[in-house]
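Reviewing the structure listed below.
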Amino acid sequence: MTLPEPRPIREYEGVDRRLFLEEIRPSGQPAVLLGLAADWPAVKAAQRSDEDLVAYLKSFRRDDRPVGAIVGEPEIEGRFFYRDDLQALNFTRGLSPLFPFLDRLLRDRGHAKPFAMAVQSEQIPELLPGFEKQNATDLVRPDVAPRAWIGNRIRVAAHYDLKENIGVVVAGRRRFTLFPPEQLANLYVGPFELTPAGTPISLVDLAEPDLDRFPRFAEAAAHALGAELAPGDAVYIPFHWWHAVDSLEDVNLFVNYWWNDAPAGTGNPYDALMYGLFALKTLPPEQRKVWRTIFDHYVFCANGDPAAHLPPGAKGVLGPATPEQLGRMRATLRQLAGKL
């Protein structure tokens, strides 16, 4: 069975803060922001040469403290993933001074079978202080710290983030394949307890999807969106959209901005999911059906405001999420956690 190619992600040129906030973000759809960072000094350095990019990055580093890095054997061909039994990952984590890591990227260029190498999700103000001032965007709030992703030709399986995301390609080219959140059941998600980077990933190899093992992936493929970004281009990935990322050059630098507009002081929905697996999944089917109705009514407000009939002073946990109310709820949850 031949799967369709991903449909192109919609592209925008000349994106400014107004266009992003009034049109792109409210659409709830991914977007390619062409040339968003074309004027960044880092992009211009990368376009001159890999050596110029590395020299530019080194100019911001006052010392060479170790940073987190992951390395995979040449045999994994850049695909950071699991071992065959899904009991362990096929790469190792460690620490490396940044400068030797960058030098190794330059040295390994053109190698037929290099080690897969990546420094991932390092906060730029700490990793390269000052870079964020010379290379900035006003599409996000000033308090959103950019993060750096540096490596060679690597492949990252489809996964989701618990935040919205704008990512900028600074060096190299990057291919993105995206799936909407509702394709969850068709992506064959791996273990929760062991993940390459925090959130669960799809077990499907997009380069060679095994439809005998993962037949429903054909439906996910029918909803896939894709784009290949050049230096200076950016992508907007809405909350919880699944995305697989392929780095296509020997030297790649990606800068991203994560944010979540959930009210301050609220809990993590992922924690609630874990507790739901603990408290709800094992119930008899007829009880789970009832609890689904209860959650739809009280949590997801499927029938409107579940406390609309109550006077303000009697709404309690069903009322507005004020700091005081959240504090009381947090204290109650701490007491309940002690009973587990």
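The values are calculated or read from the model by the stated rules, or taken from the named source; none is laboratory data. Here the structure is a predicted model, which means the values were calculated and not measured. Glycine gets a Cβ as well: all are built from the backbone with ideal geometry, and neighbour counts include every protein chain shown.
Taking each residue of the stretch 216-242 that is modelled with pLDDT of 95 or more and looking for partners that are in a helix (DSSP H, G or I) and among the basic types (Lys, Arg) with beta-carbon atoms closer than 8 Å, six or more apart or interchain, yields Tyr236/Arg25; Pro238/Arg25.
Within the stretch 22-38, which residues are of a type outside the set (Lys, Arg) and in contact (Cβ under 8 Å) with a residue 40 or more places away in the chain?
Step one: of the stretch 22-38, the residues of a type outside the set (Lys, Arg) are 22-24, 26-38.
Correct list: Ile24, Gly28, Gln29, Pro30, Ala31, Val32, Leu33, Leu34, Gly35, Leu36, Ala37, Ala38.
Would you point out the residue of the stretch 201-248, among those that are of a type in the set (Asp, Glu) and within 19 Å of the chain's Cα centre (by Cα), that is farthest from Trp259 (Cα to Cα)? Selected residue: Asp205. On inspection, Ala88 fails the criterion of being surrounded by 14 or more Cβ atoms within 10 Å (Cβ to Cβ), assigned by TED's automatic domain parsing to the domain that holds Arg153 and touching a residue at least 24 places away in the same chain (Cβ under 8 Å).
Here is a yes/no grid of residues against (1) outside the structural domain of Leu128 (by TED's automatic domain parsing); (2) surrounded by fewer than 13 Cβ atoms within 10 Å (Cβ to Cβ); (3) touching a Lys or Arg at 6+ places or on another chain (Cβ under 6 Å):
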| site | (1), (2), (3) |
| --- | --- |
| Gly14 | no, yes, no |
| Gly35 | no, no, no |
| Ala42 | no, no, no |
| Val71 | no, no, no |
| Pro74 | no, yes, yes |
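Close contacts from the stretch 248-272, counting a first residue that is farther than 21 Å from Tyr160 by Cα and at pLDDT below 90 and a second that is in a loop (DSSP other than H, G, I, E, B) and of a type in the set (A, V, I, L, M, F, W, C), with Cβ to Cβ under 9 Å and a gap of 6+ residues or different chains, come to Gly265/Ala321.
Residue by residue, here is whether (1) closer than 22 Å to Gln47 by Cβ; (2) without any contact (Cβ under 8 Å) to a residue 24 or more places away in the chain; (3) not in a loop (DSSP other than H, G, I, E, B) holds:
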position	(1), (2), (3)
Asp103	yes, no, yes
Leu106	yes, no, yes
Asp138	no, no, no
Ala157	no, no, yes
Asn165	no, no, yes
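Anything in the stretch 57-101 that is among the hydroxyl-bearing types (Ser, Thr, Tyr) and more than 21 Å from the chain's Cα centre (by Cα)? List them, or say none. Within the stretch 57-101, Ser59, Ser96 qualify.
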